[in-house]
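These notes are about the structure you will find just below.
The values are calculated or read from the model by the stated rules, or taken from the named source; none is laboratory data. Predicted model only: the values in this text are computed from it and were never measured. Here the Cβ is made from the backbone with ideal geometry for all residues, glycine too, and neighbour counts use every protein chain on show.
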Amino acid sequence: MARQSDRHKAGVTTTTLFNRVLRRRRRDRAANGYAAHDFLRTLMLEGIADRLAMVKRQFHDVLDLGSFDGAFVPPAGARVARLDAGYGFAHRSGGIQADEDRVPFADAAFDLIISAGVLDTIDDLPGALTLTRRMLRPDGLFLAAFAGGETLSTLRAVLLAAEAERPAARIHPRIDVRSAGDLLVRAGFALPVADLETIEVGYSNLARLLGDLRGMAATSLLTETSPLARTTLARAETLFGQHAGPNGRTVERFDIIFLTGWAPAPSQPKPAARGSGTSSLADALRPRAPR
């Protein structure tokens with residue numbers, strides 16, 4: 001794969017889905033008040049912790065990829081490095097600032113890498129996953145969670161209806177659970193598993209939902225988009241309210257996709273044939289004899 005500088009010299013232009021500079025700014029804006037809006041990542045970290053608890057082995061060097069405020073607690077006795085694209089979060093977590101698809105760490109530097117809440121906004125996700133696998137030692141473990149599937153389906157429908165005459169892309173395209181598993185395979189992970197959990201949150205009005213999205217650095221980062229007109233926002237607020245249930249709250253959906261993958265090693269069991277239906281999360285996380 002050509003380095004970005006080499007591609008630029010060769011005159012190759014690449015289309016970027018997400019604005020990297022805007023992503024850093026949005027993360028810095030969210031850093032100070034993040035604790036009031038961290039419910040989604042908290043659920044992701046709980047899911048990662050549950051999966052990690054099933055692995056009966058010791059980890060020594062851990063990377064928190066996309067650290068936010070540093071809430072992830074590493075296994076006992078392990079050293080942890082943290083990385084975040086935003087300066088504010090990197091500073092608060094005692095980590096370094098860098099994009100997840102442009103990491104500064106050496107190959108085979110870690111035996112455990114976790115990532116919660118950032119994979120859905122990385123411009124080069126296949127590249128980031130490949131780099132992640134390379135940063136793992138043989139038989140190292142990768143656990144991740146991010147928003148995918150039908151996340152923000154209500155908001156998407158409301159905005160499309162509010163801009164019915166000239167709708168614009170305002171919600172990030174989402175990765176479904178099957179595609180997430182395929183990305184693990186493409187990146188070279190062994191025993192890949194992808195599974196999904198759905199969370200529903202009731203909001204009294206659209207402003208409360210948008211406030212949560214700003215607070216968790218989850219507003220639109222699309223490169224090609226246009227400002228949302230006040231009249232459009234007013235229509236969206238009305239439409240959002242029309243979706244409310246008897247309790248006066250409109251339900252928004254968040255699909256959390258969890259990923260599990262291992263860096264290949266000769267000692268690992270061979271995966272079942274694709275489509276056989278015998279591969280499961282328990283099989284992937286079953287402890288193996290120490291090397």
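Only residues that are crowded, with 18+ Cβ neighbours inside 10 Å and not in a loop (DSSP other than H, G, I, E, B) were counted across region 178-188, and they come to 4.
Restricting to region 118-145, and then to whatever is hydroxyl-bearing (Ser, Thr, Tyr) and in contact with a strand residue (DSSP E or B) (Cβ under 8 Å, 6 or more places away or on another chain), can you tell me which residue is farthest from Leu43 (Cα to Cα)?
The extreme case among them is Thr132.
Take the conditions in contact (Cβ under 8 Å) with a residue 60 or more places away in the chain, surrounded by fewer than 19 Cβ atoms within 10 Å (Cβ to Cβ) and in contact with a helix residue (DSSP H, G or I) (Cβ under 9 Å, 6 or more places away or on another chain) and apply them to Ile175. Does it pass? It is false that Ile175 is in contact (Cβ under 8 Å) with a residue 60 or more places away in the chain, surrounded by fewer than 19 Cβ atoms within 10 Å (Cβ to Cβ) and in contact with a helix residue (DSSP H, G or I) (Cβ under 9 Å, 6 or more places away or on another chain).
Just wondering, is there one or more residues in region 209-225 that are more than 26 Å from Ala85 (Cα to Cα) and in contact (Cβ under 8 Å) with a residue 40 or more places away in the chain?
No: zero hits.
Would you say Arg51 is closer than 17 Å to Leu221 by Cβ, buried (at least 16 other Cβ atoms within 10 Å of the Cβ) and at pLDDT 95 or above? Steps first, please.
Values: closer than 17 Å to Leu221 by Cβ: no; buried (at least 16 other Cβ atoms within 10 Å of the Cβ): yes; at pLDDT 95 or above: yes.
No: the conditions fail for Arg51.
Total residues in region 72-93 satisfying the condition of being under 21 Å from Gly215 (Cβ atoms) and surrounded by fewer than 17 Cβ atoms within 10 Å (Cβ to Cβ): the figure is 2. Determine if region 209-230 includes at least one residue that is modelled with pLDDT under 95, in a helix (DSSP H, G or I), more than 18 Å from the chain's Cα centre (by Cα) and exposed (fewer than 14 other Cβ atoms within 10 Å of the Cβ). Yes - at least one qualifying residue is present in region 209-230.
Of the candidates Gly94, Gly88, Gly70, the single residue that is outside any loop (DSSP other than H, G, I, E, B), modelled with pLDDT of 95 or more and out of contact with any Cys (no Cβ under 7 Å at 6 or more places or on another chain) is Gly88.
If you go through region 244-255 one residue at a time, do you hit one that is of a type in the set (A, V, I, L, M, F, W, C), under 17 Å from Arg156 (Cα atoms) and under 14 Å from the mean Cα position of the chain (by Cα)? Yes, region 244-255 contains a residue that is of a type in the set (A, V, I, L, M, F, W, C), under 17 Å from Arg156 (Cα atoms) and under 14 Å from the mean Cα position of the chain (by Cα).
Looking only at region 125-169, filter to residues that are polar (S, T, N, Q) and touching a residue at least 60 places away in the same chain (Cβ under 8 Å); which one of those is surrounded by the fewest Cβ atoms within 10 Å (Cβ to Cβ)? Here the answer is Ser153. When you check Glu163 against the structure, is it at pLDDT below 95 and of a type in the set (Asp, Glu), yes or no? Against the criterion (at pLDDT below 95 and of a type in the set (Asp, Glu)), Glu163 qualifies. Considering only region 167-175, I want to know if a residue exists there that is of a type in the set (A, V, I, L, M, F, W, C) and in a helix (DSSP H, G or I). The answer is no; no qualifying residue exists.
Considered as a group, the residues in region 240-291 that are surrounded by fewer than 11 Cβ atoms within 10 Å (Cβ to Cβ) and basic (Lys, Arg) include one that is modelled with the lowest pLDDT, and that residue is Arg291. For the residues Leu196, Leu191, the requirement of being under 16 Å from Leu259 (Cβ atoms), in contact with a Ser or Thr (Cβ under 8 Å, 6 or more places away or on another chain) and part of a strand (DSSP E or B) singles out Leu191.
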